[in-house]
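So the structure is just underneath, and the comments pick up after that.
The values are calculated or read from the model by the stated rules, or taken from the named source; none is laboratory data. Predicted model, so just to flag it, every value in this text is computed and none were measured. Cβ sites come from the backbone with ideal geometry, for glycine too, and all protein chains shown count toward neighbours.
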Amino acid sequence: MSSTLRLSIIMVMLLATAALGLIAYNMNLPKPVIQVTENTPAPPAPPPALVTIGYFVAARPLPAGTLAREEDFTVRSVSPDRVPSGAIIDTPEVRIGLRGSLVRTFLDTGSLVTSQNVLRPRDRGFLASVLAPGTRAVSIKVDAESGVSGLIWPGDYVDVVVTHSATPTAAPPPINQAARVRWRPNRRVHPA
């Protein structure tokens, strides 16, 4: 055999071996996963969270003169542009302030609560509005030294006595017996 023929056979054998090696290598590679995607429109974005504002309405019929309790009011939520003018907006501070307020005008179930139809405990004229007919309120200055050092609380009943001299000879008669204590700094009670 001639050397050219030998060289040609060796070259063919090397190429065949290389080809078989590449085929074997490709067979051992992991199969690629082909994903078929469908051209569908993206799902719609979720609607933005609705902003609502709550305002107070009467939960039941409230006659004029009622001292309101927390369960007398309910909150109605609407979008900010639909809040009625004059409505009392629901906040924790307002919710606390409405408790014990005096209803000035009749409120039917679901009626809007405004500052014109309720008188809150801190409003001017509240105490005069809650007094019983034929009674009046008088403020008496009592501090920790002249009072009973915290032993009297709103809701207690006391006798009011006036003395004109520093050393009375006999106990003066009370000018008011069983007067109800309605106010003490930072504490208030409403008539029952």
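Things worth noting here:
- Taking first residues from the stretch 119-140 that are among the hydroxyl-bearing types (Ser, Thr, Tyr) and partners that are surrounded by 16 or more Cβ atoms within 10 Å (Cβ to Cβ), the Cβ contacts under 6 Å between residues at least 6 apart in sequence or on separate chains come to SER129/LEU102; SER129/LEU119.
- Any hit, the stretch 110-122, residues being out of contact with any Ser or Thr (no Cβ under 9 Å at 6 or more places or on another chain), within 21 Å of ARG182 (Cβ to Cβ) and not assigned by TED's automatic domain parsing to the domain that holds ARG182: yes
- Of the residues screened, PRO92 is not one that is outside the structural domain of VAL118 (by TED's automatic domain parsing) and not aromatic (Phe, Trp, Tyr).
- Among residues of the stretch 33-58, those that are touching a strand residue (DSSP E or B) at 6+ places or on another chain (Cβ under 7 Å) and farther than 16 Å from THR114 by Cβ, counted: 1
- Selection status of PRO30, surrounded by fewer than 11 Cβ atoms within 10 Å (Cβ to Cβ), over 17 Å from the mean Cα position of the chain (by Cα) and of a type outside the set (Val, Ile, Thr): yes
- Close Cβ contacts (under 6 Å, 6 or more residues apart or on different chains) running from residues in the stretch 151-177 that are more than 21 Å from ALA137 (Cα to Cα) to residues that are at pLDDT 65 or above comprise PRO172/VAL161.
- Residues of the stretch 87-101 satisfying the condition of being modelled with pLDDT of 90 or more and in contact with a strand residue (DSSP E or B) (Cβ under 8 Å, 6 or more places away or on another chain): ALA87, ILE88, ILE89, ASP90
Conditions tested, residue by residue: (1) assigned to a helix (DSSP H, G or I); (2) charged (D, E, K, R); (3) exposed (fewer than 10 other Cβ atoms within 10 Å of the Cβ).
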position	(1), (2), (3)
ALA16	yes, no, no
PRO46	no, no, yes
ARG60	no, yes, no
ARG76	no, yes, no
ARG95	yes, yes, no
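- Test: residue in the stretch 24-32 that is of a type outside the set (Asp, Glu), under 22 Å from ASP108 (Cα atoms) and in a loop (DSSP other than H, G, I, E, B): no
- Candidates in the stretch 107-134 are the residues that are among the charged types (D, E, K, R) and either closer than 24 Å to VAL57 by Cβ or modelled with pLDDT of 90 or more (or both); of these, the one that is surrounded by the most Cβ atoms within 10 Å (Cβ to Cβ) is ARG120.
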